[in-house]
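Undergrad: Attaching a single structure in structure tokens format; questions to follow.
The values are calculated or read from the model by the stated rules, or taken from the named source; none is laboratory data. Note that this is a predicted model, so its numbers are computed, not measured. As a convention, Cβ positions derive from the backbone with ideal geometry for all residues, glycine included, and neighbour counts pool all protein chains shown. Surface accessibility is based on the protein's heavy atoms, side chains included, excluding ligands, DNA and RNA. Shrake-Rupley method; radii C 1.70, N 1.55, O 1.52, S 1.80 Å.
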Amino acid sequence: MTCEETRILVDALVDGELDAGHAREVEAHLASCPDCAAQLRDYRVMRQALSAPALRHQAPAALRARIEGALPQRRALAAVGSRRSLLKGLATGGVLSGALAAGLVVFVTRRDEDQRILGDVVSAHLRSLQGDHLIDVQSTDQHTVKPWFNGKLDVAPPVVDLTAQGFTLIGGRLDYLDGRPVASIVYKRRAHIINLFVAPNNTPALDSGGGGAIESLQGYNVWRWSFADLSYRAVSDIDAEELREFGDKLEAGIKGGG
């Protein structure tokens, strides 16, 4: 494992989010690389500092009383003095607060999940570049690559030949994201590799939840898209505009049946 790969995964190691296999690989690299080991120590020191009790501050009770006294609803309820109105207001506020809290939890959870998935996709891309992990079936012919996936996956991923558009098909392989098998169709742009991961929309690790979009992590760009019950994520170190161009041409090819 290289220093660049370790820097991507060391955050997850500190948070205890790596699977056993990746954790062993990262720890093996750390044992022989003083620079990466120092980075890990810095992360752990920062994590400990951020959790220190001294960083927490509790607002004084007087501030709470001032804020509550300034609320229009509080003043109106105090003036009317109606117990029924008070209970109704409290009930409404409770429902509203509960709805806001639930919405916040969903947003934060979704954001965390998106970041985890983004890291998984980039990690899978990096793994493919090591040794002979890139291609199981090597061919520039889409009619050779597509049938190779038959019987290996629940779906038949579309394989689009984009050679004429500057993105050369070089083959495909079976890969895993979130513990599930997915298709990886491999393209080349000059000297740069593009891994296109394809899976059913019900595969959490590839559920894009919307239209085409570009995300970035540690110098890698990831394009995501969903169409006809399939989800797609393309990852490469080419710049975002080139990867978006790849995505646009792929969309056109898939929708055109090509």
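Undergrad: Checking ASP114 against (1) surrounded by fewer than 11 Cβ atoms within 10 Å (Cβ to Cβ); (2) modelled with pLDDT under 80; (3) within 29 Å of the chain's Cα centre (by Cα): exactly one of these is not met. Which one?
TA: Going through the list (1) surrounded by fewer than 11 Cβ atoms within 10 Å (Cβ to Cβ); (2) modelled with pLDDT under 80; (3) within 29 Å of the chain's Cα centre (by Cα), ASP114 breaks only (1).
Undergrad: Could you tell me how many of the residues in region 11-34 are of a type in the set (Val, Ile, Thr) and under 20 Å from SER128 (Cβ atoms)?
TA: Applying the first criterion (of a type in the set (Val, Ile, Thr)) to region 11-34 yields 14, 26.
Add one more test, that the residue is under 20 Å from SER128 (Cβ atoms), and what stays is 26.
Residues that pass the stated criteria total 1.
Undergrad: Still on this structure: Of all the strands (runs of 3 or more DSSP E) wholly in region 144-258, which have at least 1 residues that are crowded, with 16+ Cβ neighbours inside 10 Å and in contact with a helix residue (DSSP H, G or I) (Cβ under 6 Å, 6 or more places away or on another chain)?
TA: Numbers: elements: 168-177, 180-189, 192-200, 213-217, 220-227, 230-236.
It comes to 168-177, 192-200, 213-217, 220-227, 230-236.
Undergrad: State which residue pairs qualify: first residue without any contact (Cβ under 8 Å) to a residue 12 or more places away in the chain and inside region 165-188, second residue open to solvent by less than 10 Å² (accessible area, probe 1.4 Å) in any location, beta carbons under 6 Å apart, and separation of 6 or more residues or different chains.
TA: Qualifying pairs under 6 Å: none.
Undergrad: Taking region 189-229 as the search range and keeping residues that are among the basic types (Lys, Arg) and within 22 Å of ILE8 (Cβ to Cβ), which one is modelled with the highest pLDDT?
TA: The initial filter retains those residues of region 189-229 that are among the basic types (Lys, Arg), namely 189-190, 224.
If we keep only those that are within 22 Å of ILE8 (Cβ to Cβ) as well, we get 189, 224.
Details: ARG189: 95, ARG224: 90.
Across region 189-229, the extreme among qualifying residues is ARG189.
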